[in-house]
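Bear in mind these aren't lab numbers, they're just calculated from the coordinates by the rules spelled out. These numbers were taken from a predicted model, which means no experiment stands behind them. Note that we place each Cβ from the backbone using ideal geometry, even for glycine, and neighbour counts take in every protein chain shown.
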Amino acid sequence: MSSSQASHSLAFRVMRLCRPTLHVDTPILVDPSDLLVGEDIYDDPVAASHLPRLMGGLKVKPSGDAADLSYRNRFLLNDSTDSMGLSGLLLLPQAFGAIYLGETFCSYVSINNSSNFEVRDIIIKAEIQTERQRILLLDTSKSAVESIRAGGRYDFIVEHDVKELGAHTLVCTALYDDGDGERKYLPQFFKFNVANPLSVRTKVRVVKDTTFLEVCIENHTKSNLYMDQVEFEPAQNCSATKLNADEYHSEETSTTRETFTPPVLIRSGGGIQNYLYQLKSSSRASDQIKVEGNVLGKLQLTWRTNLGEPGRLQTQQILGAAVVRKEIDLQVVELPTTIILGRSFSVHIELLNLTERELGPFEVSLSPDDLPGERAIMTNGLQKMVLPKVEAFGSRDFHLNLVATKLGVQKITGIRVYECNEGKTYNPLPDMEVFVDLE
Amino acid sequence: MEQDSVDSGAQIDPLSNPFASLDSLSPDLSSLNDLAMRGAWRSILEKVSRSRSLDLLKQPHHHLTYLSFNVLALSKLRRFADANSELESLQDLDGSDYRYETYPKVYPGRSGSMVPFSLRWIHCIIPIKLGRRNEGLDRLYKLLDLVREKLEERKSNSREESLREWKRRELLVINTIIGDHLFHKEFSVCLDLIRNLLSGDCLGLDAFLLSELGYIQLQIGDLDGAKGSFSQVEGIADKEKSIKLMNLVSRNKALIYLVGKDYVSAVREYEECMERDHTDAVAINNKAICLMYLRDLSDSIKVLENSLERVPTVTLNETLVVNLCSMYELAYVNHAEIKKTLSNWIARVAPDDFDSSCTRI
């Protein structure tokens, strides 16, 4: 077998077959009334009665099969929309262009026999090579192409969904018997690079009891992206709703409403679009999201560019905020309205077990002061109150005895709960303000 | 010479009717027009130059007409800097020099501007073609204002013909503006402008405009929007069956098939178009493109080559030639030869304004 150093009868030619484009170009076309006469001549009633016939006669095309030997189409306007320059003529891709992750690489491959002799028994292979893998696109080993005559061609089209970034090579090889009967091997390499079309930034926010997911999509491509679908697929025990701002639509007539829905079009080269999802837990207990490993779900994106050229991407798993779940909670049931300096008062509190396992026993106390003498309200009596176990989703009441040592507006702060079994400490109660009065 | 009263029913002496023929409008105008129809723009430049030097242009508007042909010819030949100089030689298009009433002996009883409107339009296009897009776009919007002023003046008092001409000019300018925004991929503006046109009182639902809307929606990737626009076009075509509209509907359908990668159906639609009208250049070109996507490079080349042979005056356009050359480059290792053959044929047949750089030789 000869190496590729020898001259070959065959050669590969490739052309990327992304979608064609609709050609746009402002043509220089005129209406006879705009060229042959002055613009205000129709104000003259005599002119107005004679000119239309004269001008109209110039625009009439020769009828039937009489060969029109004029290039009138390059001079006269047919319809007013001609000047928009969008005739509907399609143009083949003129350059390889950029290719992005999530798109489909499609190419026309033609093997030409430019020699004067027939070649026979051609085994053709086409594959995509990347850093990580080789993907076979075409292989005629099982049924070799019998022959390609002198000056002839064998054509095929290959398609490959691009799923990796970086350098790609389309490797086309032909193994054939040339005119002299020599078995020759022709490899040809066509390189291209795959870039990232989008970046997706997410933020998880917890507002009161609801989790929101903000998504920002930025377009790095050279085309505007028409976002067909931006869907959040939540993890198993969640549900997600997309929140849309109330959009202001300027007055729509019944005709335009059928024609228009404003498209979500992300501008090329850095345009962004934001989306907002509200996530809810589908488990029965509470509105808090209980998630395993904090996985919220992932985003499915599909978009279209020129003439519907599709692209599709899925993000990695999106993780939630660090701690979203509450295991225990303290709720104040009753707090006395008047608190007298130096006199003990009692706060009625309920401890809730929000988990599905038994927790406890508990020790309730005030956490130590950062600065001694700072704390205005302290426990009166035992520093630690012990509470027995609480069953799953259960609760227990207790009373905390406190005393105020300063006058005026003061805070009850630092009530903490220590779970003896698992050894965890919780500070679930926010500061409460009370007014301490004299007798 | 006594002129009859200015009334639409008035009879005019046919021997001195200034509107009887093109040549009665301006000297040799029919010849100029004929040259333009044949794309003989260089001949037009020669003729204008000769007429000026032989002092054949007697009336003020003759000069303007000839200048307009000159500017148009230079623009068609892509000599935009020269066209610009020629235009700048006119002082102020709105000045009294170019108004009928300034010359009451030549134009008794007539008033208004004698400037051919295409001069104003080309005045906007030239900066764009010279790379000064913002300047050109500004001029276009100003021209739109001027046209609308003229429309307002004529709505209350004037003749229908005049009003019709200015409405047509309004459409011309708006379409040019949309085209420029489209070229720069400013799609939202395009959609807004077309929306205004479609909901405007003067236009109604125009099949061609709706189709353009569909094409823009296809360019963006809004396939559902495009389908909606095209189905409205079908509604109009159902009521008014003409070959032109039937072909429009077929071509629109073909694009939808193409977008869905059903190239076989697209080819079928284009073939129906060609049967109804063998000069439908868009159908011919696009059918060849679809054959490429069907892996039939040989036939796609044949379609284009045949059309150039049979109906060159319709199909010889730069886009079709670019497509054919792309196909040659794919089909032949030694494509220089076959492109040269094509290029030589074009040089013999093409009009002066054909941009032969499209063969990429």
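Quick look at the values:
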| quantity | calculated |
| --- | --- |
| Kirkwood Rh in Å, taken over region A:47-198 so that all alpha-carbon pairs contribute | 20.6 |
| Principal semi-axes in Å for chain A [√(5λ), Cα gyration tensor, largest first] | 75, 40, 16 |
| Peptide B:315-324 - average C-beta neighbours from other chains (10 Å radius) | 4 |
| Reciprocal of mean inverse Cα separation for region A:337-439 (Kirkwood radius, Å) | 14.6 |
| Under 16 Å from B:Lys105, Cα to Cα: lysines that are on another chain or at least 8 residues apart | B:Lys58 |
| Most fluctuating residue given options A:Ser268, A:Ser33, A:Ser223, as computed from a GNM of chain A linking Cα atoms under 10 Å | A:Ser33 |
| Largest-first principal axis extents, alpha carbons of region B:200-300, Å | 49, 30, 17 |
| Convex hull projection area averaged over all views, the protein assembly as shown, Cα basis, nm² | 53.8 |
| Number of Lys pairs (Cα under 25 Å; 8 or more positions apart or on different chains) in region B:235-291 | 8 |
| Convex hull volume of region A:170-213 per residue (C-alpha atoms, cubic angstrom) | 92 |
| Sequence-distant lysines (8 or more away, or on other chains) whose Cα lies within less than 25 Å of A:Lys208 | A:Lys242, A:Lys280, A:Lys290, A:Lys298, A:Lys326, A:Lys411, A:Lys424 |
| Percent RCO, i.e. relative contact order, over chain B, from Cα pairs under 8 Å lying at least 6 residues apart | 9 |
| Square roots of 5 times each gyration tensor eigenvalue, C-alpha, region A:162-237, largest first, Å | 50, 14, 10 |
| Base-10 log of normalised Debye intensity for region A:69-153 (one unit scatterer per alpha-carbon) at q = 0.15 Å⁻¹ | -0.83 |
| Euclidean distance of C-alpha centroids, region B:253-301 and region A:382-439, integer Å | 80 |
| Rounded if a/c under 1.5, otherwise prolate or oblate - region B:241-361, Cα gyration tensor axes | oblate |
| Global geometry of region B:265-324, whether rounded, prolate or oblate, following the gyration tensor of its Cα atoms and the 1.5 cut on a/c | oblate |
| Candidates B:Ala281, B:Ala81, B:Ala226, ranked by Gaussian network fluctuation over chain B, Cα under 10 Å, top entry | B:Ala81 |
| Trypsin sites (Lys or Arg not before Pro) lying in DSSP loop within region A:97-166, provided at most 11 other Cβ fall within 10 Å | A:Arg132, A:Lys142, A:Arg149 |
| Gyration tensor (alpha-carbon) shape descriptor, chain B, a/c threshold 1.5 | prolate |
| Relative contact order (%) - criterion: Cα under 8 Å, at least six apart; region: region B:194-323 | 14 |
| At 0.890 mPa s and 25 °C, Stokes D of region B:108-206 from Kirkwood alpha-carbon radius, µm² per second | 167 |
| Over 21 Å [Cα-Cα, region B:89-158], rounded percent | 38 |
| Amide H within-cut-off set for A:Leu296, under 5 Å, with H built and near neighbours excluded | A:Ile318, A:Leu319, A:Gly320 |
